[in-house]
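Worksheet: the structure to be examined is printed underneath.
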Amino acid sequence: MERTFVMIKPDGVDRGLVGEIISRIENKGLKLLNLKLICASSDILENHYMEHRNKPFFQDLVDSMKDKSVLAMVVEGENSIKLMRIMVGDKDPLCAFPGTIRGDYAFETTRNLIHASDSLEAAEREIKIWFGDKL
Ligand code: CDP
Ligand code: MG
């Protein structure tokens with residue numbers, strides 16, 4: 001069974017989309033192994049988004065999320081990484097298809113509601129960042 005890291009970003013929490021997003025994940029047949037609502041520090045966000053540290057949007061992205069509540073989750077299921085990426089949709093709301101979470105609800109690129117790991121290595125790294133070694 002494959003595990004992936006999924007996070008509902010502060011805009012998703014603020015807009016009251018937690019229930020809707022969790023329903024989609026569960027209805028797909030994926031399992032929530034763990035979840036927690038936590039206040040994201042800039043340290044954890046900078047670590048999480050390390051691969052983007054030299055991009056022009058990096059600081060805005062971290063600033064838009066820091067000290068706000070995010071819902072961090074570990075999701076398990078066959079091909080959960082690929083499945084979650086498909087369900088999440090493109091980061092750009094103008095490219096995200098209807099039927100995807102971003103396609104149905106997001107209207108900005110930086111505040112685009114949700115994150116899901118894009119590879120096995122990323123999933124392992126991100127689960128460790130947000131949940132420690134226990135999972
Ligand atoms: O989240 P995803 O893996 O789909 O996209 P990414 O390319 O890894 O970018 C990470 C996050 O950075 C995106 O989800 C956006 O919130 C943000 N971003 C941004 O604000 N402006 C961009 N031009 C690209 C990404
Ligand atoms: Mg990414």
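Can you pull out the residues in region 44-57 that are over 16 Å from the mean Cα position of the chain (by Cα) and surrounded by 12 or more Cβ atoms within 10 Å (Cβ to Cβ)?
If the condition is that a residue be over 16 Å from the mean Cα position of the chain (by Cα) and surrounded by 12 or more Cβ atoms within 10 Å (Cβ to Cβ), then Phe57 is the only one that fits.
Residues in region 73-108 that are closer than 16 Å to Phe5 by Cα, in a strand (DSSP E or B) and open to solvent by 30 Å² or more (accessible area, probe 1.4 Å): Glu76 only. Look at region 107-125: where a residue is over 15 Å from Ile86 (Cβ atoms) and a partner is open to solvent by 70 Å² or more (accessible area, probe 1.4 Å) and of a type in the set (A, V, I, L, M, F, W, C), sitting 6+ places away or on another chain with Cβ atoms under 9 Å, you get Thr109/Phe57; Thr109/Leu94; Thr110/Phe57; Arg125/Met50. Only residues that are open to solvent by less than 50 Å² (accessible area, probe 1.4 Å), in a strand (DSSP E or B) and over 22 Å from Leu120 (Cβ atoms) were counted across region 9-43, and they come to 1. Looking at region 59-71, can you tell me whether even one residue there is open to solvent by 70 Å² or more (accessible area, probe 1.4 Å) and either at positive phi or touching a Phe, Trp or Tyr at 6+ places or on another chain (Cβ under 7 Å) (or both)? Within region 59-71 (the criterion being open to solvent by 70 Å² or more (accessible area, probe 1.4 Å) and either at positive phi or touching a Phe, Trp or Tyr at 6+ places or on another chain (Cβ under 7 Å) (or both)), the answer is yes, since at least one residue qualifies.
Do you know which residues across region 83-111 are more than 13 Å from ligand 1 (Cβ to nearest atom) and among the charged types (D, E, K, R)?
From region 83-111, those more than 13 Å from ligand 1 (Cβ to nearest atom) are 83, 97-99, 104-105; that's our starting set.
Across region 83-111, the qualifying residue is only Asp104.
Among the residues making up region 112-133, those that are surrounded by 18 or more Cβ atoms within 10 Å (Cβ to Cβ) and within 13 Å of ligand 1 (Cβ to nearest atom) are Asn112, Leu113, Ile114, His115, Ala116, Ser117, Ala123, Glu126.
What residue, of Lys91, Lys66, is among the charged types (D, E, K, R) and in contact with a helix residue (DSSP H, G or I) (Cβ under 6 Å, 6 or more places away or on another chain)? Steps first, please.
Details: Lys91 fails: in contact with a helix residue (DSSP H, G or I) (Cβ under 6 Å, 6 or more places away or on another chain).
It is Lys66.
Put simply, of Leu33, Leu113 the only residue that is on the phi > 0 side of the Ramachandran plot, touching an Asp or Glu at 6+ places or on another chain (Cβ under 7 Å) and either within 14 Å of ligand 2 (Cβ to nearest atom) or of a type outside the set (Lys, Arg) (or both) is Leu113.
What number of residues within region 43-77 are among the acidic types (Asp, Glu) and touching a residue at least 60 places away in the same chain (Cβ under 8 Å)? Steps first, answer last, please.
Within region 43-77, the subset among the acidic types (Asp, Glu) is 43, 46, 51, 60, 63, 67, 76.
Next cut, touching a residue at least 60 places away in the same chain (Cβ under 8 Å) only: 76.
Final tally of qualifying residues: 1.
Arg3: touching a residue at least 60 places away in the same chain (Cβ under 8 Å), part of a loop (DSSP other than H, G, I, E, B), out of contact with any Phe, Trp or Tyr (no Cβ under 7 Å at 6 or more places or on another chain) and under 21 Å from Trp130 (Cβ atoms), yes or no?
Working: touching a residue at least 60 places away in the same chain (Cβ under 8 Å): yes; part of a loop (DSSP other than H, G, I, E, B): no; out of contact with any Phe, Trp or Tyr (no Cβ under 7 Å at 6 or more places or on another chain): yes; under 21 Å from Trp130 (Cβ atoms): yes.
No; evaluated as a whole, the condition is false for this residue.
Condition check: among the small types (Gly, Ala, Ser), at pLDDT 95 or above and either under 11 Å from the mean Cα position of the chain (by Cα) or closer than 19 Å to Trp130 by Cα (or both). Does Gly16 satisfy that? So Gly16 fails the test.
The values are calculated or read from the model by the stated rules, or taken from the named source; none is laboratory data. Since the model is a prediction, treat every value here as computed from it, not as a measurement. Using ideal geometry, Cβ is built from the backbone for each residue, glycine included, and neighbour counts are taken over all protein chains shown. Note: areas computed on protein heavy atoms with side chains; ligands, DNA, RNA excluded. Shrake-Rupley method; radii C 1.70, N 1.55, O 1.52, S 1.80 Å.
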